[in-house]
Amino acid sequence: MPINLRGRRQQNPTSSPELEVFSDLIEPLSKLPERKAVAAVVHQCDRVLLLKRSMTKDLPGIEEIPGEFQDSDEELRQTLSRVLIDHIGWSGPVPVDPEFAFHHGYVEASYSCRVHQITYAVEYGGHPITLSKRHSNFRWILPEDLVACETTRDSLEAIRAWWRACHNPKFRSQMRSGGMGNG
């Protein structure tokens with residue numbers, strides 16, 4: 001079940017009924033600086049990797065997909081590579097699924113900014129997973145497991161979008177034929 005991050009993050013704040021009461025706050029939100037973030041749906045067949053936040057992080061124990069803000073001197077691909085290296089000890093090239101990029105926005109109150117997050121799908125390469133100190137555990141989930149997960153809303157929406165894309169015949173045929181490259 002998704003965690004309500006009211007007051008911390010708000011998906012698409014201009015259409016949220018929760019914020020209609022605070023319509024005078026929406027105009028200042030649009031003036032906040034925007035930052036880009038990159039995340040990854042790391043997958044193996046129909047399973048998706050979730051990382052559990054350590055007890056010393058914000059929202060301790062919450063499960064999420066790997067992701068971070070883009071540094072000002074990085075290209076998106078560099079950020080994605082850094083995120084995977086930092087969060088799960090990825091080594092080697094990052095095989096991005098070229099047919100999938102999920103864009104969404106939210107407000108990150110702790111950084112006083114609007115965030116445009118781009119989530120890519122990355123096929124798991126079979127290397128050992130080495131977690132950063134930010135995470136205490138990981139697990140692989142199937143679509144039916146997502147309902148019982150305590151995950152962030154942005155992770156939940158990105159995973160659902162990836163599973164929907166997997167049911168697209170063009171996307172599935174490319175996955176089966178190995179047509180997904182390092183693109």
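The values are calculated or read from the model by the stated rules, or taken from the named source; none is laboratory data. The structure displayed is predicted, hence computed values, not measured ones. Reconstructed Cβ throughout: ideal geometry from the backbone, glycine too, with neighbour counts over all protein chains shown.
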- [ ] Scan the stretch 97-136 residue by residue and report those that are over 14 Å from the mean Cα position of the chain (by Cα), under 19 Å from Leu51 (Cα atoms) and crowded, with 19+ Cβ neighbours inside 10 Å.
- [x] His135
Open item on the list: Anything in the stretch 133-159 that is touching a strand residue (DSSP E or B) at 6+ places or on another chain (Cβ under 9 Å) and either within 17 Å of Ser81 (Cβ to Cβ) or of a type in the set (D, E, K, R) (or both)? List them, or say none.
Closed with: Arg134, Arg139, Asp145, Glu150, Arg153, Asp154, Glu157
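Can you tell me which residue among Glu99, Glu68, Glu123, Glu63 is in contact with a Cys (Cβ under 6 Å, 6 or more places away or on another chain) and within 25 Å of Arg153 (Cβ to Cβ)?
Details: Glu99 fails: in contact with a Cys (Cβ under 6 Å, 6 or more places away or on another chain); Glu68 fails: in contact with a Cys (Cβ under 6 Å, 6 or more places away or on another chain); Glu123 fails: in contact with a Cys (Cβ under 6 Å, 6 or more places away or on another chain).
On inspection, the qualifying residue turns out to be Glu63.
Name every residue in the stretch 41-100 that is among the aromatic types (Phe, Trp, Tyr) and within 20 Å of Cys166 (Cα to Cα), in order of residue number.
Taking the stretch 41-100 as the starting set, the residues that turn out to be among the aromatic types (Phe, Trp, Tyr) are 69, 90, 100.
Residue satisfying the conditions is Phe100 alone.
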TODO: Go through (1) under 25 Å from Lys36 (Cα atoms); (2) modelled with pLDDT under 95 one by one and return the number of the condition Tyr120 breaks.
DONE: (2)
Open item on the list: Which pairs turn up if I take residues in the stretch 124-139 that are assigned to a loop (DSSP other than H, G, I, E, B) and look for partners that are of a type in the set (Lys, Arg) with beta carbon separation below 7 Å, at least 6 apart in sequence or on another chain?
Closed with: Arg134/Arg53; Arg134/Lys57
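Do you know which of the residues in the stretch 65-104 that are of a type in the set (S, T, N, Q) and out of contact with any strand residue (DSSP E or B) (no Cβ under 6 Å at 6 or more places or on another chain) is nearest to Leu131 (Cα to Cα)?
The first filter runs over the stretch 65-104 and keeps only residues of a type in the set (S, T, N, Q), leaving 70, 72, 78-79, 81, 91.
Keeping just the survivors that are out of contact with any strand residue (DSSP E or B) (no Cβ under 6 Å at 6 or more places or on another chain) gives 72, 78, 81, 91.
Details: Ser72: 25, Gln78: 19, Ser81: 15, Ser91: 13 Å.
It comes out as Ser91.
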